[in-house]
Amino acid sequence: MATLLRPDPTFYPSPRLAIDSPPETLAYMVTFDPARQSPDALLTVDVDPNSASYRQVVGKVEMPNVGDELHHFGWNACSSALCPYAPHPHIERRYLLVPGLRSSRIYVIDTKPDPRQPKVVHTITPEEIARKAGYSRPHTIHCGPDGVYVSALGAPDGGGPGGVFILDHDNFSVKGRFELDRGPQELAYDFWWHLGYDTAITSEWGTPAMVENGVQADILLAGQYGHHLHIWDLPRRRHKQAIDLGKEQQMVLELRPAHDPTKAYGFVGVVTSLADLSASVWVWYLEGGQWAVKKVIEIPAEPAEADQLPPVIQPFKAVPPLVTDINLSLDDQWLYVSCWGTGELKRYDVSDPFQPRETGSVRLGGIVRRQGLDGSGPLNGGPQMVELSRDGKRVYLTNSLYAAWDEQFYPEGLKSWFVKLESGADGGLKAEEGFFLETEQRAHQIHLEGGDASSDSYCYP
């Protein structure tokens, strides 16, 4: 009898169906050793309130090497496999692809035999990435209809250009670089798309040599970190348009496109402005046949005495918000903005993407405030990586950015934590009592079992 192939039940044709799916029971979180003495790890955390092991680490897989600095990771496959032109409709959401930003290795981790105790089953070497794509320092993983897309900060020598390369869905071999014509694009960071508009978007941070040892004041003050968005013809893999946000807008990082595939807009966070140390969020949108951007949120720096500040920002006598991550709920209504410097997570109603309205905020950590939680005492670090449940009711936060940058902004050392917030239907935001998990190593990104607000792309509204 022939086997009937069915799509993975965690793939959803539309964001609306994903919102209505069962809640997550497990979260996967990468941690790293900033001293590079012990192997980095992928932790499994029980996030099922009905479980006896709720809020506890219930699994750990250590990497086979040291010094990777695990960073942004992602699934091998997701809801984009249901797009009408997807050549892989019967693959499954099974493997986590976890890049080492320092080592340029990518680990393939199998979650299927036991979701609580995944296993490393394959390593993509830096040599293969360099040989087949010319890139190094893989940063962000996105599952696409035709393969797994990986952004990379630069070349093996630490210079540019950075860009995107593609992995085979089935055997995880490196297919090659995405760009057939990159035009003026040199710097890279994040990569997302509007599948229904045949359009890809990339953002800019800096080459490995510009970022690996921390913020370089001369480069920053000269406005030489990334300040562009790049628009690409996705199927033809060609650069179409560069949009300059202005030289003073330094480090254009996380991209969050609208989840509804009929909508041609999205949000991007900017870490800091040279004019006044403010941070900002911009919306990109299609206007006629061209793409445009507009600043829609500005978050000011907070005044502080020089002796309260780490050396890197003492001359400015202010705490920059440092917007280092943003996330958009699946219904495209709520935007969450991490202010890693001031120690705040902000929530905005973006039903009208051009007129965001702040509705909620939680303070945690911060360079000066050190806001604690549930009797934790003063916390350092601040809201950094932010992940949302599919139904938008739960928010997960960690507090480490990148080892060299942690040391500059939190020089006393950064003690890592993982917290969960509750998102009210009224726009409010509050920490869940008792959900405060400290980790041995530094905690970075989180992804949720079955997908979350930053894992999947949808082809039906």
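Counted by Cβ distance under 9 Å from Leu180, the other residues give a net charge of +3, where Lys and Arg count +1 and Asp and Glu count -1. Taken along the Cα-to-beta-carbon direction at a fixed 7 Å, the label points for Val121 and Asp331 span 3.7 nm. Under a model in which nothing but the beta-carbon of Lys, Arg (+1) and Asp, Glu (-1) is charged, the chain shows a dipole of about 560 debye around its Cα centre.
Amide H to amide H distances under 5 Å link His139 with Ser151, Ala152, Leu153, where only residues 5 or more positions off or on other chains count and H is placed in the peptide plane. Judged by the gyration tensor of its Cα atoms, with axes a ≥ b ≥ c, the range 381-421 is prolate; a/c meets the 1.5 cut and a/b is the larger of a/b and b/c.
Using a 4.7 Å Cβ-Cβ cutoff, the cysteines of the chain lacking any partner cysteine are Cys339.
Computed from the coordinates I sent, semi-axes √(5λ) of the Cα gyration tensor in Å equals one of [x] 44, 28, 18; [y] 42, 33, 21; [z] 29, 26, 23. Tell me the label. Among [x] 44, 28, 18; [y] 42, 33, 21; [z] 29, 26, 23, the one calculated here is [z]. Packing around the peptides 368-374, 230-236, taken as the average count of other Cβ atoms within 10 Å per residue, puts them in this order, highest first: 230-236, 368-374. Rounded if a/c is under 1.5, else prolate if a/b beats b/c, else oblate: with a ≥ b ≥ c from the C-alpha gyration tensor eigenvalues square-rooted, which is the range 278-379? Oblate.
How do the peptides 272-285, 322-335, 11-24 rank, highest first, by the average count of neighbouring beta carbon atoms within 10 Å per residue?
Values: 272-285: 19.6, 322-335: 22.9, 11-24: 17.9.
The densest-packed peptide leads the list: 322-335, 272-285, 11-24.
Going 7 Å from the Cα of Arg6 in the Cα-to-Cβ direction, what parts of the range 75-109 have a backbone nitrogen less than 20 Å from that spot? Only 77-83, 88-95 fall inside the zone, counting backbone N under 20 Å.
Here's how it looks for Gly59: its modeled amide H is under 5 Å from those of Thr44, which are all 5 or more places away or on a different chain. Can you classify the range 214-372 as rounded, prolate or oblate using the Cα gyration tensor, where a ≥ b ≥ c are the square roots of its eigenvalues, rounded means a/c under 1.5, and otherwise it's prolate if a/b beats b/c and oblate if not? Taking the square roots of the gyration eigenvalues as a ≥ b ≥ c, the range 214-372 is oblate.
Using 0.36 nm times the number of residues separating Asp181 and Tyr85, minus their current alpha carbon distance, what extension gain do you get? Please report the intermediate quantities before stating the final value.
On the way: separation 96, 0.36 × 96 = 34.56 nm, distance 2.33 nm.
Full extension of this stretch gives 32.2 nm more.
Where a number appears in this text, it was derived from the coordinates with a stated rule and is not lab data. Note that this is a predicted model, so its numbers are computed, not measured. In this analysis, Cβ positions are derived from the backbone assuming ideal geometry, glycine residues included, and neighbour counts consider all displayed protein chains.
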